[in-house]
Amino acid sequence: MPNNNSAGERDRARPPRHIAIILDGNGRWAKKRGLPRTAGHAVGAETFRKIATYCKNIGVEYLTVYAFSTENWRRPEAEVSTIMKLLGKYLHEAIDTMERDHIRMKVFGDVEGLSPELRALVDKTDEISRRYEGFQANICLNYGGRDEILHAARRYAADYAAGKAEGELTEEGFSQYLYSAGIPDPDLLIRPGGEVRISNFLLWQCAYAEFYFTDVLWPDFTPEELDRAIAVFQSRDRRYGGVKNP
Ligand code: IPE
Ligand code: IPE
Ligand code: MG
């Protein structure tokens, strides 16, 4: 909860606990250079690696990124299959990094819709994550905010029917059925790439997130850009519906 005392002021100087980013602008970045859109996705994956390391180093606890939405299947088949290959390569390499740097990494999304190869990599990252504590990266893959809420509702209903869930459903209780169970809501949501919309990302969890939009395309995103977003975040008043100086 927000407060106006010195602890509140100290909070301001800290980085957000949880940052969420919509990784957007890869295609336009490539097009501007006369490259195929998929070249932008490859560079975007490298940018993610850099920004995740930076977040860990400055003390951010959770970084959640939107990498492939439930709507992105509408893209040309060739682009989708290249993105899936890149994600496989990325997860494969990330497994080594996780072991080396003791990083937790989770995939949020409908994994049933992914290939068996990708699902096996997701299982592996889950298994490694259980062994470590500290920084956690969440990759949203075949993820949609509405889809997540629907999945959660179905799972709750099944538990209730089986006598495994309480009848009195609370916000906190419902959150435990989301992919983000046990993780605090994002404090700061960043969207690079110039679009000013949420595109079905973390609809439940972003109820009180601070939003930061920038025209910088994701492959051009830098730690300095993240610092700018954090500085803006720290200058905001988070009132959660209350008043600051009653
Ligand atoms: C984001 O970049 C990556 C995915 C959605 C997979 P885009 O591919 O959306 O890039 P733009 O928005 O077309 O430039
Ligand atoms: C949002 O970007 C999804 C991801 C970054 C994974 P899109 O490029 O798909 O979003 P729209 O189409 O501009 O809303
Ligand atoms: Mg886009």
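The values are calculated or read from the model by the stated rules, or taken from the named source; none is laboratory data. All values derive from a computational prediction rather than experimental measurement. Here the Cβ is made from the backbone with ideal geometry for all residues, glycine too, and neighbour counts use every protein chain on show. Accessible surface is based on the protein model in full, side chains and every heavy atom, while ligands, DNA and RNA are left aside. Shrake-Rupley method; radii C 1.70, N 1.55, O 1.52, S 1.80 Å.
A few comments on the model shown:
- Inter-part distance, region 151-203 to region 12-37, computed on C-alpha centroids, equals 24 Å.
- Nearest-20 debye value, region 128-219 charge dipole, Cβ charges on Lys, Arg, Asp, Glu: 400 debye
- Computed from point charges on the beta carbon alone (+1 for Lys and Arg, -1 for Asp and Glu), the dipole magnitude for the chain about its Cα centre is near 560 Debye.
- Too-long pairs where the Cα-Cα distance tops 28 Å, listed order kept, from 50/106; 106/244; 31/106: 106/244; 31/106
- Label point distance in nm, residue 35-residue 240, each placed 7 Å from Cα along Cα→Cβ: 4.3 nm
- Extending 7 Å from Cα along the Cβ direction at residue 75 and again at residue 149 yields two label points whose distance is 2.5 nm.
- Near residue 154, once Lys and Arg are set to +1 and Asp and Glu to -1 for all other residues with Cβ below 15 Å from its Cβ, the sum equals -2.
- Value of [θ]222 nm, deg cm²/dmol, for the chain, DSSP H segments ≥ 4, -39500 (n - 2.57) each, nearest 500: -14500 deg cm²/dmol
- Where GluC sites (Glu not before Pro) in DSSP loops with at most 14 other Cβ within 10 Å are excluded, longest remaining stretch of the chain: 1-70
- Using a Förster distance of 22 Å, the FRET efficiency for residue 224-residue 28 (Cβ separation, nearest 0.05): 0.60
- Listed by chain and number, the aspartates and glutamates whose alpha-carbon sits under 14 Å from that of residue 124, ignoring those within fewer than 8 places in the same chain, are 93, 96, 99.
- Accessible surface for residue 50 stands near 130 Å², nearest 10, in the context of the full protein assembly shown (1.4 Å probe).
- Helix runs (DSSP H) in the chain reaching 27 Å along axis by Cα, Kyte-Doolittle at least -1.0: 37-58, 77-101
- Extension gain, residue 198-residue 96: 0.36 nm per intervening residue step, less the Cα-Cα distance, totals 33.5 nm.
- Highest-MSF residue in the chain out of 158, 45, 229 [GNM, Cα springs under 10 Å]: 158
- Take every Cα pair under 8 Å whose residues are at least 6 apart in sequence, average their separation, divide by the length of the chain, and the relative contact order is 27 percent.
- Here the dipole of region 1-131 is about 520 debye; that uses its Cα centre as origin and unit charges on the Cβ of Lys and Arg (positive) and Asp and Glu (negative).
- Residue 49-residue 174 pseudo-label distance in nm [points 7 Å out on the Cα-to-Cβ vector]: 4.0 nm
- Region 109-246 shape via C-alpha gyration tensor axes, a/c threshold 1.5: oblate
- Accessible surface of region 88-246, 1.4 Å probe, proportion on carbon and sulfur as whole %: 49 percent
- Residue 215 contributes about 120 Å² of solvent-accessible surface, heavy atoms of the protein only, 1.4 Å probe.
- Region 67-182: C-alpha gyration tensor shape, a/c 1.5 cut-off, then a/b vs b/c: oblate
- Beta bridges per DSSP with both ends in region 1-155, % antiparallel, nearest 5: 0 percent
- Accessible surface of residue 154 - all protein chains present, 1.4 Å probe, nearest 10 Å²: 140 Å²
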